[in-house]
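The values are calculated or read from the model by the stated rules, or taken from the named source; none is laboratory data. Remember, it's a predicted structure, so these values are computed and weren't measured experimentally. All Cβ positions, glycine included, derive from the backbone under ideal geometry; neighbour counts span all protein chains shown. Areas reflect the complete protein model, heavy atoms only, side chains present, ligands, DNA and RNA absent. Shrake-Rupley method; radii C 1.70, N 1.55, O 1.52, S 1.80 Å.
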Amino acid sequence: GGDGGEGEDEEAKRKRKKKWLKKQIPVYSQRISQMCSQNLSSLEVSFIHLSEDEPQLAIFLADAPSDMLEILSSVATRFALKLFPEYGNIKDEIFVRITNLPISDSLRDLRQVHLNSLVKVSGVVTRRTGVQP
């Protein structure tokens, strides 16, 4: 149905994200302007903003972060190019980075179950090994 349920396709997700971005235009157009003025390609998007304004998108992001980050980055790229049409000459793509994820895991607690999930970690990397069960 029209509630953004599980059967929502990629185009519908893209439209919901675009609608959300338009609501967030004052905040995110300023962030995009700052990003472009510094010739950067990463746009930080607050998980809290997303979950408050579009909880379904936040759930999609948590459930399928790879797909959603690709969609968010695509929308952000188009939005940046709409504001700054020549920016494509400087950067090919804008990459969305999620901030303010509410739950944090310790690096020591990461396991195989965390693969392909959106996680926030805290800790210091002193060495690295393969993923252990």
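Listed values, structure above:
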read-out	value
Selection count where residues are of a type in the set (Lys, Arg) and in contact (Cβ under 8 Å) with a residue 12 or more places away in the chain, scope region 63-92	1
Only listed residue being aromatic (Phe, Trp, Tyr), touching a residue at least 12 places away in the same chain (Cβ under 8 Å) and buried (at least 17 other Cβ atoms within 10 Å of the Cβ), chosen from Phe60, Phe95	Phe60
Residue match in region 65-77 (condition: assigned to a helix (DSSP H, G or I), open to solvent by less than 40 Å² (accessible area, probe 1.4 Å) and either farther than 22 Å from Lys13 by Cβ or among the basic types (Lys, Arg) (or both))	no
Selected residue (criterion: farthest from the chain's Cα centre (by Cα)) from residues of region 105-133 that are more than 30 Å from Cys36 (Cα to Cα) and in a strand (DSSP E or B)	Ser106
Residues located in region 1-16, provided they are modelled with pLDDT of 70 or more, surrounded by 12 or more Cβ atoms within 10 Å (Cβ to Cβ) and either under 14 Å from the mean Cα position of the chain (by Cα) or not in a helix (DSSP H, G or I) (or both)	Lys13, Arg14, Arg16
Failed item, numbered, when Leu101 is tested on (1) open to solvent by 80 Å² or more (accessible area, probe 1.4 Å); (2) assigned to a loop (DSSP other than H, G, I, E, B)	(1)
Qualifying residue in region 37-57 (condition: at pLDDT 90 or above, outside any helix (DSSP H, G or I) and of a type in the set (D, E, K, R))	yes
